[in-house]
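What follows is a short report on a single structure.
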Amino acid sequence: MEIVCVGGGPAGLYFALAAKARNADHRITVLERNPANVTHGWGVTFGEELLDSLHACDPDSARTIQSAADAWTDQEVRTPEGRTVHLGGYGYSIGRQRLLSILADRAVSLGIDVRFEHEVSDTEEFHDADLVVACDGANSRLRSRYADAFGTSIETGGNKYVWLGTHKVFNAFTYAFERTDAGLIWCYGYRYDDHTSTFIVECSPQTWAGLGLDERGTDDSLRLLEGVFARHLSGQALLIPASAGPEVPWLHFRRVSNAKWSHRNIAMLGDAAHTTHFTLGSGTKLAMLDAASLATNLQKYPDLPTALAEYERERRAALAPVDEQARSSCAWFEHVPDRIGLGPVRFAYSLWGRRAPAPAWRYPVHLGTQLPPVRWLRHRYSTAVQKRRARERDNRDALVGASAVAG
């Protein structure tokens, strides 16, 4: 099968390598408009679920991703009063560019043609392809070209947000809220290597305008934000992506949905097909799970329309509860001023439970987590779970490798 992937992000590269690993006869080309080693964003987060799925799909790249990932422990909520409340838990993060490099190297090693600085302006340039995969992000040009056929719908969120970076290393996933004369503003900080953290800033449009961020230049905006979050940055500067251009790239979240994920021989993956609010931290995970599902269904069903229909059915079912959680999370952050008066511990618990209702036993656990001995025990437990899951994946990989050799 002749396959062209338009977009060289995690969705496109992972689909390409997963499909090629299942069928070496596929001729796959990945077209990416950006130069090599240039990406939008800083680090991405994920959990054990994604690592399990990656190991099941392509153990080679999964082991490299797991080795390169950085684990953070605990989640902290820092309130305007200076109180730090602990939520527990752990997760993984990796630099987006590091992830893309791992996926691109694996794709090339399998014989996939990865082309950078290739702008797709007309689908006629690959009219001979059996399958065209639109994985060019939330602003997908291919999706826009066939928006009527896909039944595209876009909703715009209320808050303003911006993806920044910093060399302040956050050992816990940190939510920090600050009061200003113009209103509340908050950030999310998490490290993804030994030297750098992602630092997302969010606020209402009223606060954004009240602080003059609609009129300030890049340097002035960054210095203002550094002042607002000074107690969390420990003197480190805020950084904008090299790909962002001369201005701070403030955004509104855009919820993209589509009535159909395929049209003729074009199929969509990841943010091109659906977006999930960034406060869930699931965009990269969902894109790569889409990619694995499409590759698996192409292998399972030789008939392309059947494969595309099964892929869409499978992923829509998996995404339905996530989409509900994302809507709830988005609504929570758009009403932060209504909740900040709950008091530090209850406010933090409200943030933790923003996705879905929590069981009754969870609040006593939350109260206990504020005590250092209980936090220590939770950390020991999380570390044990993390190591056990890693051993289980290694054992499964070894069994798969042994079976392949025997076969």
Return the long-range amide H neighbours of Thr180 (sequence gap of 5 or more, or a different chain), with a cut-off of under 5 Å between placed amide H atoms. Ile185
Tally of Lys pairs whose C-alpha atoms are under 28 Å apart, taken over the chain, 8 or more apart or cross-chain: 11
Looking only at Glu32, Glu215, Glu324, which one moves most when the chain is put into a Gaussian network model with springs between Cα atoms under 10 Å? Glu215
With springs only between Cα atoms under 10 Å, which of Gly151, Gly12, Gly95 fluctuates most in a Gaussian network model of the chain? Gly151
When the Kirkwood hydrodynamic radius is evaluated over all pairs of different C-alpha atoms of segment 156-226, what value in angstrom, to one decimal, is obtained? 12.8 Å
In terms of the alpha carbon gyration tensor, root eigenvalues a ≥ b ≥ c, rounded if a/c is under 1.5 and otherwise prolate when a/b exceeds b/c or oblate, segment 269-407 is oblate
Would you mind working out the magnitude of the charge dipole of the chain relative to its Cα centre, with +1 at each Lys and Arg C-beta and -1 at each Asp and Glu C-beta, to the nearest 20 Debye? 1600 debye
Tell me the relative contact order for the chain as a rounded percent, counting alpha carbon contacts under 8 Å between residues six or more apart. 21 percent
Okay, helix-only estimate at 222 nm for the chain: each DSSP H run of n ≥ 4 adds -39500 (n - 2.57), divide by all residues, round to 500 deg cm²/dmol; what do you get? -14000 deg cm²/dmol
Could you grab the relative contact order for segment 177-326? Cα pairs under 8 Å, six or more apart, rounded to a whole percent. 12 percent
Give me a comma-separated list of calculated 3J(HN,Hα) values for segment 178-187, in order, Karplus coefficients 6.51, -1.76, 1.60 applied at θ = phi - 60°, integers in Hz, x for any Gly or Pro. 9, 9, 10, 4, 9, x, 6, 9, 9, 9
Using only alpha carbon positions, build the gyration tensor of segment 1-135, then give the equivalent ellipsoid semi-axes as the square roots of 5 times its eigenvalues, largest first, whole angstrom. 34, 18, 11
If a paramagnetic tag sat 7 Å from the Cα of Ala331 along the Cα-Cβ line, which residues of segment 342-367 would have the backbone N under 17 Å from that point? 350-358
Table column - 3J(HN,Hα) (Hz), segment 51-60, Karplus curve with 6.51, -1.76, 1.60, x for Gly and Pro: 4, 4, 5, 5, 5, 5, 8, 8, x, 4
Which ³J(HN,Hα) values in Hz, rounded to whole numbers, follow from the phi angles of segment 212-223 under the Karplus curve 6.51 cos²θ - 1.76 cosθ + 1.60, where θ = phi - 60° and Gly and Pro get x? x, 6, 7, 10, 6, x, 4, 4, 5, 5, 5, 5
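All of the numbers you see were taken from the coordinates with simple rules; none came from a lab. Everything numeric here is computed off the predicted structure, so don't read it as measured data. Don't worry about glycine lacking a Cβ; one is built from the backbone with ideal geometry, like all the others, and counts go over all protein chains shown.
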